[in-house]
Ligand code: FES
Ligand SMILES: [Fe+2]
């Protein structure tokens, strides 16, 4: 543990965050083996977490596994006649002598399949899709001591939101809706449940899971890390806590700069002619962020702005025209846009962090999302995932699988490769005796401060302290 010099005894409160007071925190959460071990007791078993997407379990009997630290969980769709049934989650362990029920070999992202029941490979104990034990070889040998309770699978709380399946290892506590709170309410307008994977990739990355996910929480790094993008737009951003969760959006350095550009990823770029800059920014984002953070429809509509609008069209009208045309183009091919009130759109900003480890950059018909998880007990590496979601015409959704890809430009595109090029050196740099603790930007990196404030509540250590 890297001992921090005493700066202040106060720990950042929600009010401190709202006031954007400067804070610092140490490196224990990223580097300490003891902290990583404590996460297995204090964090992961006590928080709602995203296990996967409903689209991976469309039919009765479909299941996938979700591994988090030492835990392995089975998410399954139960059978209800011919209709798809409810979603259930069970610890992936046989009640008899503890064999993992579904083998999840090391180095495998997750296991998917379809089952009528789960049969343990060791002695054949069998469970139905509700987790009930249906077969025990030589059950009479127990002389009646076995009960349905002690021989069934251990169930977890499980709920869905936005097309995602969430699990919670606590027997009781807040509901998923209560947990997501305002973040869930605002993002619900984007109808993430109507989107499907466009691509999904993962890798084992040499940095703590928090170092990795934090690299995608703030646009403050864009000006330097993705400097080529500054030819197309400014990346000044605000950030704001919503309870456990948080949001960032594009901002102006001075109120006088306020334009109709908006705070989300679909915005006018910089330049004298917004018909041109809007297209150039959208195309640059799309092609260098691995064909995510926009859609073919939006890019094609942006490309036509110069032909469809007169010179000197004000930026607000350019944006409105772009959105209206893209919406009509999508409608013509069977993709309906959600109705998002302008006030919600403004509040939704650019991108959200859902505590503890889920990032979502949302658009009207697309999302670019990330998740990072511990890699076993190793605080120095993580399982990193990024995926693009998109709204498709019914029946035209692509079939995708998790693809393991080297964290480099070939598999991930230029922008993510630039992020990968930082993350491992952030993790390494934090090990320096010369590092005095983080100095996050109170306006632009509040999402990260909020994450550490939350973590400290679960972990009992590491609360951000005010910098005086
Ligand atoms: S451990 Fe599963 S049947 Fe024995
Ligand atoms: Fe980045």
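The values are calculated or read from the model by the stated rules, or taken from the named source; none is laboratory data. The model shown is predicted, which means the values in this text are computed figures rather than measured ones. Counting neighbours? That spans all protein chains shown, and the Cβs are built from the backbone with ideal geometry, glycine included.
Among the residues making up the stretch 439-468, those that are in a loop (DSSP other than H, G, I, E, B) and farther than 18 Å from residue 44 by Cβ are 439, 440, 441, 442, 443, 444, 445, 463, 464, 467, 468. Within the set 301, 328, 332, 324, the sole residue that is crowded, with 23+ Cβ neighbours inside 10 Å, free of Cβ contacts under 8 Å to residues at least 60 places away in the same chain and more than 26 Å from residue 236 (Cβ to Cβ) turns out to be 301. Based on this model, can you work out whether residue 287 counts as buried (at least 18 other Cβ atoms within 10 Å of the Cβ), outside any loop (DSSP other than H, G, I, E, B) and not assigned by TED's automatic domain parsing to the domain that holds residue 405? So residue 287 fails the test.
Residue count for the stretch 91-146 under the criterion of being in a loop (DSSP other than H, G, I, E, B), within 11 Å of ligand 1 (Cβ to nearest atom) and either at pLDDT below 95 or under 30 Å from residue 383 (Cα atoms) (or both): the result is 11.
Scanning the stretch 172-211 for residues that are under 14 Å from the mean Cα position of the chain (by Cα) and either modelled with pLDDT under 95 or in a strand (DSSP E or B) (or both) yields 197, 200, 201, 202.
Go through the residues of the stretch 451-468 one by one and say whether even a single one is out of contact with any helix residue (DSSP H, G or I) (no Cβ under 9 Å at 6 or more places or on another chain) and over 24 Å from residue 36 (Cβ atoms). Within the stretch 451-468, one or more residues are out of contact with any helix residue (DSSP H, G or I) (no Cβ under 9 Å at 6 or more places or on another chain) and over 24 Å from residue 36 (Cβ atoms).
Within the stretch 37-53, does at least one residue satisfy the condition of being part of a helix (DSSP H, G or I), under 18 Å from residue 463 (Cβ atoms) and touching a strand residue (DSSP E or B) at 6+ places or on another chain (Cβ under 7 Å)?
Taking every residue of the stretch 37-53 in turn, at least one turns out to be part of a helix (DSSP H, G or I), under 18 Å from residue 463 (Cβ atoms) and touching a strand residue (DSSP E or B) at 6+ places or on another chain (Cβ under 7 Å).
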